[in-house]
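The structure appears below as structure tokens.
The values are calculated or read from the model by the stated rules, or taken from the named source; none is laboratory data. Bear in mind that the values here come from a model prediction, so they are computed numbers and not experimental data. Here Cβ is always computed from backbone atoms with ideal geometry, including for glycine, and neighbour counts include all displayed protein chains.
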């Protein structure tokens with residue numbers, strides 16, 4: 001996971017193809033609209049995307065403290081995107097990069113998209129969590145009993161520490177500067193999404209401290225298929241893209257199923 005965190009920050013710089021400059025098309029989900037100030041680069045078919053899929057599908061340190069910590073910060077409770085097979089959501093993931101040029105500099109954001117139905121994303125031990133998330137997308141539902149939903153920042157930090165209990169590997173040096181834990185939002189088209197945002201710093205390779213901004217978003221389409229997006233960048237990239245992302249997430253043009 002140490003290598004993966006650094007890879008997420010750097011991977012987008014090597015992506016090749018460019019989609020329309022104002023949108024990001026995710027097959028099966030729909031189109032996230034961006035202004036002309038944001039360029040969208042699609043990693044489909046690139047060597048970088050293949051490397052990324054492999055690193056996620058066959059994680060070298062899946063049971064370590066670092067892996068558990070990063071999973072807590074990014075992934076809905078009970079969900080697993082990598083099960084060590086070529087058919088896992090991680091192996092079938094897609095990679096994008098958002099680029100925004102401003103007078104002060106060029107800012108980038110890496111986007112990874114996972115998708116799958118309930119059986120693909122929740123194993124037999126997590127059917128309770130699967131039912132919870134299925135219900136969480138139903139209109140008028142009132143999801144309860146989730147520690148990550150609507151908790152304070154201090155509670156979130158403590159939950160992050162507890163997520164590493166009993167795991168192997170070296171302790172993780174981190175500091176969570178801000179977080180908006182999982183919460184349901186109403187999209188402009190009447191559908192809903194779940195979203196979590198975290199701003200933190202973590203020890204990286206060679207003793208360096210890596211500042212990270214992470215936005216995790218979960219959609220579910222009418223056929224019951226989930227689309228899980230992780231947006232990752234530096235603190236400053238997060239600040240520069242914040243309004244663009246909110247607009248795109250609210251105004252997503254969903255594909256008909």
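Some observations on this one:
- Which listed residue, of 99, 48, 40, is crowded, with 18+ Cβ neighbours inside 10 Å, under 21 Å from residue 243 (Cβ atoms), free of Cβ contacts under 8 Å to residues at least 60 places away in the same chain and more than 14 Å from the chain's Cα centre (by Cα): 40
- For the stretch 243-252, the criterion of being assigned to a strand (DSSP E or B) and touching a strand residue (DSSP E or B) at 6+ places or on another chain (Cβ under 6 Å) is satisfied by no residue at all.
- Subset of the stretch 176-193 [loosely packed, with under 14 Cβ neighbours inside 10 Å, on the phi < 0 side of the Ramachandran plot and in a loop (DSSP other than H, G, I, E, B)]: 188, 189
- Conditions (1) modelled with pLDDT under 95; (2) within 22 Å of residue 246 (Cβ to Cβ); number of the one not met by residue 174: (2)
- Qualifying residue in the stretch 184-192 (condition: within 23 Å of residue 82 (Cα to Cα) and more than 18 Å from the chain's Cα centre (by Cα)): no
- Condition met for residue 223 (touching a residue at least 12 places away in the same chain (Cβ under 8 Å), under 25 Å from residue 95 (Cβ atoms) and loosely packed, with under 14 Cβ neighbours inside 10 Å): yes
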